[in-house]
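Asks: Have a look at this one before I ask anything.
The values are calculated or read from the model by the stated rules, or taken from the named source; none is laboratory data. The structure displayed is predicted, hence computed values, not measured ones. FYI the Cβ positions are ideal-geometry reconstructions off the backbone, even for glycines, and counts take in every protein chain you see.
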Amino acid sequence: MPIGDLAPEPDEESGPFWDGLARGVVLLQRCGHCGHHRFPRLPSCPFCGTPGGIDVAVPGTGTVYSWVRVHRAMTPNVGPGDLPYVVATVDLDGGGRLFGRLVDGTDVRIGQRVEPVFTGHGTWTELQFAAAPEGAAS
């Protein structure tokens, strides 16, 4: 089973994020009191404790904070054709930090600029990242 067959199971908190990806939009939650962006969505702000939050669209561009290259299948769902792949931790320009696979992780480096890639898998959309063109804004 390819990686794309591993559909997420959205719940009350994650549903808006997955719905946003299906529309080609990265949604984070913003605290209405202190303004911090956060991911994942939470019932209250981890920075100031205020209940709730507002879903806001962010560009999805960002900077690689950290990354790991996976060479070995960790589950039977990952086939040999899916390896190797890179998972990056990305600090988003709009605030917040996400994990995502890099479309082409051959020359990945910390501090590298990336942009979002919305990859459809039939019933769900995966947020991946690709290297931004050289000279892209920081």
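Asks: Give the residue that is surrounded by the most Cβ atoms within 10 Å (Cβ to Cβ), with candidates limited to residues of the stretch 64-97 that are of a type in the set (Phe, Trp, Tyr) and closer than 11 Å to Ile110 by Cα.
Replies: Out of the qualifying residues, it is Trp67.
Asks: Filter the stretch 1-31 down to the residues that are surrounded by fewer than 12 Cβ atoms within 10 Å (Cβ to Cβ) and within 18 Å of Gly53 (Cα to Cα), then identify the one that is modelled with the highest pLDDT.
Replies: The residue in question is Asp11.
Asks: Let me ask something additional. For the stretch 44-85, give me each residue that is hydrophobic (A, V, I, L, M, F, W, C) and over 25 Å from Leu102 (Cβ atoms).
Replies: Cys45, Phe47, Cys48, Ile54
Asks: Let me ask something else about it. Being over 14 Å from the mean Cα position of the chain (by Cα) and either of a type in the set (Phe, Trp, Tyr) or part of a strand (DSSP E or B) (or both) is the filter here, so list the residues in the stretch 5-36 that pass it.
Replies: Across the stretch 5-36, the qualifying residue is only Arg30.
Asks: Collect the residues in the stretch 23-42 that are among the small types (Gly, Ala, Ser) and under 22 Å from Trp124 (Cα atoms), keeping them in residue-number order.
Replies: Matches in the stretch 23-42: Gly24 only.
Asks: Any idea which residue in the stretch 125-138 is nearest to Thr63 (Cα to Cα), counting only those that are surrounded by fewer than 18 Cβ atoms within 10 Å (Cβ to Cβ) and modelled with pLDDT under 95?
Replies: Ser138
Asks: Let me ask something additional. Of all the strands (runs of 3 or more DSSP E) wholly in the stretch 55-138, which have at least 3 residues that are over 12 Å from the mean Cα position of the chain (by Cα)?
Replies: In the stretch 55-138, 62-70 are the strands (runs of 3 or more DSSP E) which contain 3 or more residues that are over 12 Å from the mean Cα position of the chain (by Cα).
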